[in-house]
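A quick write-up on the structure given underneath.
Read-outs: derived from the displayed coordinates by stated rules, not from any lab. This structure is a prediction, so every number in the text was calculated from the model and none was measured. Heads up, the Cβs are rebuilt from the backbone with ideal geometry, glycines too, and the neighbour counts pull from every protein chain shown.
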Amino acid sequence: MRAALRRLALAGLAICCLTGCWDRTEINELAIVGLVGSEENKDTGSTIVYYQIVNPLAFSQESGRGGTSPVYTYKIEGKSRGEMGHKSAESVPRKLFTDHYQTHIITESLARKGLRQFVNFYERQYNRRSSLLLFVTDSKLSDVMMTYTPLEQLPGRTLRSLVYNTNKSTGRISLKSRVKDLVENMESSTCTVLPIISLRDDKPFLTTKRFESIEANRSNLVLSGAAVFKQDRMIGKIGLRENGFYNLLKGETNSFFQSITLNKMDIDLSANKIKVKQSMALTGGVPVWNVSVTANLAIHNNEQNEKLSWENLSQLTDQFNREVSETAGQLYEKALKKDWDLFGLEDKIKNKRGKAWKTIQGKADAWKETKLNLTITSSVNDVGEIINPYEGGLANGKQ
């Protein structure tokens with residue numbers, strides 16, 4: 001019994017000597033990164049990285065947040081990306097923590113030069129995030145990284161929300177706007193399309209007085225287009241509206257917005273429950289990419305004065321199908337002329353089997369001869385709260 005008590009006492013003494021989590025890092029010792037921006041110093045060729053650090057005190061109830069910045073941006077410059085994390089210790093008073101940042105911005109000049117070094121560095125990191133969104137900016141990066149965003153005070157989260165909200169409402173930005181989506185096409189001719197972010201005005205707000213202004217559009221970050229990449233290099237850009245048609249043909253959106261003109265009147269429509277079927281076939285020795293799109297339509301605005309009859313609904317869907325087909329076809333032809341394999345046509349042809357395809361596969365740039373056979377089928381499932389328009393504005397004022 002005494003031996004057992006002696007062992008128990010020794011165990012208790014040993015427990016008292018333990019230091020607990022001796023290597024634990026407190027949150028107030030970390031510089032939590034919410035957004036990162038990268039560019040190249042044109043004069044020296046060195047790498048410039050902006051780390052936007054979240055300030056937890058700005059969101060604590062005790063601080064009251066009056067005049068406290070929600071983020072602080074540090075500019076670090078060095079010879080390589082690998083040096084950045086270590087060099088940050090020279091100016092950032094806390095341990096740099098990049099495990100949870102979700103958004104990265106690069107300049108257009110760096111994107112056009114090529115992102116091979118960036119991608120290789122990113123892929124080597126054990127803590128890399130596959131869902132990291134990648135943006136290109138055509139504005140001055142230092143201004144973008146010094147911009148306070150209203151309503152949502154963390155700029156990194158703001159940009160992420162813009163992607164999700166735009167994808168859900170109009171389909172003009174794809175959720176496949178991540179680093180991993182660029183990596184997947186690094187060894188392929190298939191182009192990758194990434195969102196472009198711009199600063200609305202010339203100069204950003206540099207103080208927290210930004211949050212005291214009711215003018216939300218002023219000096220704010222906005223989605224302005226999409227950058228086209230071939231492997232790691234940006235080779236062009238398209239508008240947001242064009243990008244919506246690109247996402248539609250690729251089958252990378254569940255929503256789509258289109259304004260049409262019927263009988264000289266404007267009608268705003270949104271498509272949902274979109275289904276896209278694709279196949280590659282040979283017709284007369286020419287590759288044909290068959291794309292079939294079906295969608296349900298909802299009417300958001302109808303400026304027609306006539307009653308919404310079955311005949312009128314039929315005209316509406318026919319016009320929607322026609323306009324979408326024509327505009328999507330124009331984007332397709334534009335991509336071919338610019339040597340942009342936006343839709344992975346070359347890979348589609350390479351993956352085909354059979355004697356007839358071997359002849360096509362032996363031709364250089366055979367994908368450029370591929371014809372688009374696009375079929376749009378739609379039906380109106382939601383006409384809004386009223387079927388027929390009010391006619392008060394058409395009355396002559398007589399009893």
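Tabulated values for the structure
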quantity	calculated
Highest to lowest packing among 140-152, 70-82, scored as the average C-beta count within 10 Å	140-152, 70-82
Cα-based helix-to-principal-axis angle, 2-16 vs the chain, degrees rounded to 10	60
Selection from 174, 198, 211 lying farthest towards where the dipole of segment 167-212 points positive, charges on Cβ	211
Selection from 68, 312, 265, by position along the positive dipole direction of the chain (Cβ)	68
On Cα atoms only, tilt of 240-250 relative to the major axis of the chain in degrees	80
Histogram of C-alpha separations across segment 254-385, 10 Å bin width, %	11, 36, 25, 17, 9, 2
Rotationally averaged projected area of segment 26-245 (alpha carbon convex hull; nm²)	12.8
Stokes-Einstein D in µm²/s, Kirkwood radius over Cα pairs - segment 127-191 at 4 °C with 1.567 mPa s viscosity	95
Cut-off 15 Å between beta-carbons: net charge of the residues surrounding residue 143, Lys and Arg +1, Asp and Glu -1	+1
Degrees, to the nearest 10: 310-337 long Cα axis against longest axis of the chain	60
Cα-Cα separations in the chain greater than 30 Å, expressed as whole percent	55
Overall Cα dimensions of segment 74-204 - principal axes, largest extent first, Å	45, 39, 26
Point-charge dipole on Cβ atoms (K/R +1, D/E -1) for segment 254-385, about Cα centre, debye to 20	1120
Cα lying deepest toward the dipole's positive end in the chain, options 121, 284, 327, charges on Cβ	121
